[in-house]
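Below you will find the structure I want to go over with you.
The values are calculated or read from the model by the stated rules, or taken from the named source; none is laboratory data. All of these numbers come straight from a predicted model, not from anything done at the bench. Cβ atoms come from the backbone with ideal geometry, glycine included; neighbour counts cover every protein chain shown.
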């Protein structure tokens, strides 16, 4: 047996031994945890070595290693499902060790949580050798082979280096969140709140970073249709993020008062991990229309069995705690006022879960139609946009309302809300502005009159509603007593980031313009109008043969109002291994992005056709992402960041004082 699979089986044996020793011998239990992590780490390092040394006798290395730079040969370990499984096993074990190190004192809760997390780790360690990255290549191997298939050109991108590991860490952290929720449902351990809040926030951060880097990556790949396209797996990540956001809202309230969300909080927390398994399942089973499918994976049935078992276990514990005879039901609270903060949290959680249901239903609908009825029916993007938009409007209004709660009298706040609802309604009918649905889309034309009427509302309506929410956030920061506390800063940044993300997406998608530029390659240096402001000029062209195809390249200069504003290249590559690949020119400015690429896969030595897209105010979206991620970081470990910032400013001040003293000493000749 090869070394890699031996290490994986050794890790599996140690993980099983650690489960058996969990409540018996802490000394040997810790050593088994370390041995499991050590064995998986050696397996990861061995796979890295195989990729660096280009050991094409390993099938996984042959599939994804090639002549790419060293850094991408290392990152290629997570290019396929086999490497992702290994990385997930390593990340999960890292989280388990970290959790145990931080919670040694709480033996009861810690042991139960570790027991559940280790059972999940064992499941992952069963999947990993079953779909091993260390399998030798099938058939006779030609030792003279100098290069494997290599990575697709789409993967030779800096975002590929960070996007998959971030998502893997998010999934691994959600295992601790799931385990703590199960322990609470089983035994009512109140210590679960602190664990669920910290690990939930960490998973939230990793998932947010993963989705952000994935959006940036997709924005640069023309086939992926911009930062968002309702890809089934992409939509699945959004479902997880929304449910995790709802779970954290419930956990925070439950931590303040254990009579609130005593069942809702753990149920939502457990659902996050179940949804993670679901997304992994659909990528292994394969759903058409996704760029993330791992076709041919034989482990989908293990994931399906694990998902069903987790659902049954959670429902059983949930129903057991709701029975009056169990004595575990939380005390009923008095009905909350409709204008109270508790009611606001109720509505927020409900809206987040409703918003998550829309893409979840779309994924499930496509999966059922293809796998059971044999007919693939992909839900159009317009369906997701149509049903999501009113919920996002309500969430935005609710954000502004919550920010003003406690600062404005309830009666006055209700009047303010009614005024902004009226403003949003009026702006929804502004003529000659982009609408929710395009009248040319197939969904619009086949829909009922009610859907068409609703789809004809102006997207300006969100702009007006978002102004109310942003105003509420600013007022809360200015007038609340503890506005400089980490909680206030983090919460404000997160909510402001959410508003700006949606606002940037709405504006950039609604007001973007596409044009086509055609010219002959003999007529270089000819100005061509993109719009009334922007022009482009082709300054050079070349067509070269490569080892397995050809590449056509154009050099362009970009002009704004006739003045030079930038330059770049676009290229079209044809490869026998990877097919066609478009390298996009993205000319970024503060207010506008210009994307230029070849309009088709056809090569011509005489003429060229370029597709140009002008996207306004996309930086609002990227800025919102930075604000949200910054807010999450502040909430996760505020003391660490505040301490470091304080030390930075103290050191900076001391340095400036020292330089000023030295300056005066030199000036006075001392």
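Restricting the stretch 408-428 to residues that are under 34 Å from the mean Cα position of the chain (by Cα) and in contact (Cβ under 8 Å) with a residue 40 or more places away in the chain, which is surrounded by the most Cβ atoms within 10 Å (Cβ to Cβ)?
Within the stretch 408-428, the match that is surrounded by the most Cβ atoms within 10 Å (Cβ to Cβ) is 424.
Need the failing condition index for residue 56 against (1) assigned to a helix (DSSP H, G or I); (2) in contact (Cβ under 8 Å) with a residue 24 or more places away in the chain; (3) more than 28 Å from residue 109 (Cα to Cα), just the number.
All conditions are met except number (1).
Quick check, is residue 620 assigned to a helix (DSSP H, G or I) and modelled with pLDDT of 85 or more? Before the answer, list the steps.
Details: assigned to a helix (DSSP H, G or I): yes; modelled with pLDDT of 85 or more: yes.
Taking the combined requirement at face value, the residue satisfies it.
Looking only at residues in the stretch 78-94 that are surrounded by 21 or more Cβ atoms within 10 Å (Cβ to Cβ) and closer than 23 Å to residue 183 by Cα, which one is farthest from the chain's Cα centre (by Cα)?
Once the filter is applied, the top-ranked residue is 93.
Go through the stretch 434-486 residue by residue and tally those that are part of a loop (DSSP other than H, G, I, E, B), touching a residue at least 60 places away in the same chain (Cβ under 8 Å) and over 27 Å from residue 402 (Cβ atoms).
Counting residues in the stretch 434-486 that are part of a loop (DSSP other than H, G, I, E, B), touching a residue at least 60 places away in the same chain (Cβ under 8 Å) and over 27 Å from residue 402 (Cβ atoms) gives 2.
If a residue counts only when it is modelled with pLDDT of 85 or more, which strands (runs of 3 or more DSSP E) contained entirely in the stretch 513-574 have at least 3 such residues? Quick ask: steps written out before the conclusion?
On the way: elements: 513-520, 527-529, 534-546, 549-560.
So the answer is 513-520, 534-546, 549-560.
Let me ask something else. Before we move on, is residue 578 surrounded by 16 or more Cβ atoms within 10 Å (Cβ to Cβ), touching a residue at least 60 places away in the same chain (Cβ under 8 Å), touching a helix residue (DSSP H, G or I) at 6+ places or on another chain (Cβ under 9 Å) and more than 30 Å from residue 389 (Cα to Cα)?
On the way: surrounded by 16 or more Cβ atoms within 10 Å (Cβ to Cβ): yes; touching a residue at least 60 places away in the same chain (Cβ under 8 Å): yes; touching a helix residue (DSSP H, G or I) at 6+ places or on another chain (Cβ under 9 Å): yes; more than 30 Å from residue 389 (Cα to Cα): yes.
Here the answer is yes, as residue 578 does meet what is asked.
Now for a different question. Would you confirm, using the coordinates I've provided, whether residue 605 is touching a strand residue (DSSP E or B) at 6+ places or on another chain (Cβ under 7 Å), surrounded by fewer than 17 Cβ atoms within 10 Å (Cβ to Cβ) and part of a loop (DSSP other than H, G, I, E, B)?
Values: touching a strand residue (DSSP E or B) at 6+ places or on another chain (Cβ under 7 Å): yes; surrounded by fewer than 17 Cβ atoms within 10 Å (Cβ to Cβ): yes; part of a loop (DSSP other than H, G, I, E, B): yes.
It is true that residue 605 is touching a strand residue (DSSP E or B) at 6+ places or on another chain (Cβ under 7 Å), surrounded by fewer than 17 Cβ atoms within 10 Å (Cβ to Cβ) and part of a loop (DSSP other than H, G, I, E, B).
If you take the residues of the stretch 288-317 that are modelled with pLDDT of 75 or more and surrounded by fewer than 15 Cβ atoms within 10 Å (Cβ to Cβ), which of them is farthest from residue 267 (Cα to Cα)? Steps first, answer last, please.
Residues of the stretch 288-317 that are modelled with pLDDT of 75 or more, as a first pass: 299-317.
When the remaining residues are screened for being surrounded by fewer than 15 Cβ atoms within 10 Å (Cβ to Cβ), the result is 301, 305, 308-309, 312, 315-316.
Details: 301: 24, 305: 20, 308: 15, 309: 15, 312: 12, 315: 9, 316: 11 Å.
Applying the filter and picking the extreme gives 301.
Exactly one of these conditions fails for residue 587: (1) assigned to a strand (DSSP E or B); (2) modelled with pLDDT under 90. Give me its number.
(2) is the only condition that residue 587 fails.
(1) touching a residue at least 24 places away in the same chain (Cβ under 8 Å); (2) surrounded by 14 or more Cβ atoms within 10 Å (Cβ to Cβ); (3) in a loop (DSSP other than H, G, I, E, B): which one isn't true of residue 67, the others all being true?
The number of the failed condition is (2).
Looking at 600, 611, which one is without any contact (Cβ under 8 Å) to a residue 12 or more places away in the chain, under 30 Å from residue 504 (Cβ atoms) and surrounded by fewer than 19 Cβ atoms within 10 Å (Cβ to Cβ)? Break it down into steps so the answer makes sense when it comes.
Details: 611 fails: without any contact (Cβ under 8 Å) to a residue 12 or more places away in the chain.
Of 600, 611, the one residue that is without any contact (Cβ under 8 Å) to a residue 12 or more places away in the chain, under 30 Å from residue 504 (Cβ atoms) and surrounded by fewer than 19 Cβ atoms within 10 Å (Cβ to Cβ) is 600.
Filter the stretch 132-152 down to residues that are at pLDDT 85 or above and crowded, with 16+ Cβ neighbours inside 10 Å, then give me how many there are. Outline the logic, then answer.
Applying the first criterion (at pLDDT 85 or above) to the stretch 132-152 yields 132-136.
Checking the rest, the ones that are also crowded, with 16+ Cβ neighbours inside 10 Å come to 132-134.
So the count comes out to 3.
Per-residue answers, yes or no, for (1) over 16 Å from residue 499 (Cα atoms); (2) in contact with a strand residue (DSSP E or B) (Cβ under 6 Å, 6 or more places away or on another chain):
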{"residue": "400", "(1), (2)": "no, no"}
{"residue": "405", "(1), (2)": "yes, no"}
{"residue": "411", "(1), (2)": "yes, no"}
{"residue": "427", "(1), (2)": "yes, no"}
{"residue": "436", "(1), (2)": "yes, no"}
{"residue": "456", "(1), (2)": "yes, yes"}
{"residue": "465", "(1), (2)": "no, no"}
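Could you tell me whether any residue of the stretch 23-45 is part of a loop (DSSP other than H, G, I, E, B), closer than 20 Å to residue 120 by Cα and either in contact (Cβ under 8 Å) with a residue 24 or more places away in the chain or touching a helix residue (DSSP H, G or I) at 6+ places or on another chain (Cβ under 8 Å) (or both)?
The answer is yes; a qualifying residue exists.
Kindly establish whether residue 123 is in a helix (DSSP H, G or I) and at pLDDT below 95. Before the answer, list the steps.
Details: in a helix (DSSP H, G or I): yes; at pLDDT below 95: yes.
Considered against the rule, which asks whether it is in a helix (DSSP H, G or I) and at pLDDT below 95, residue 123 comes out as yes.
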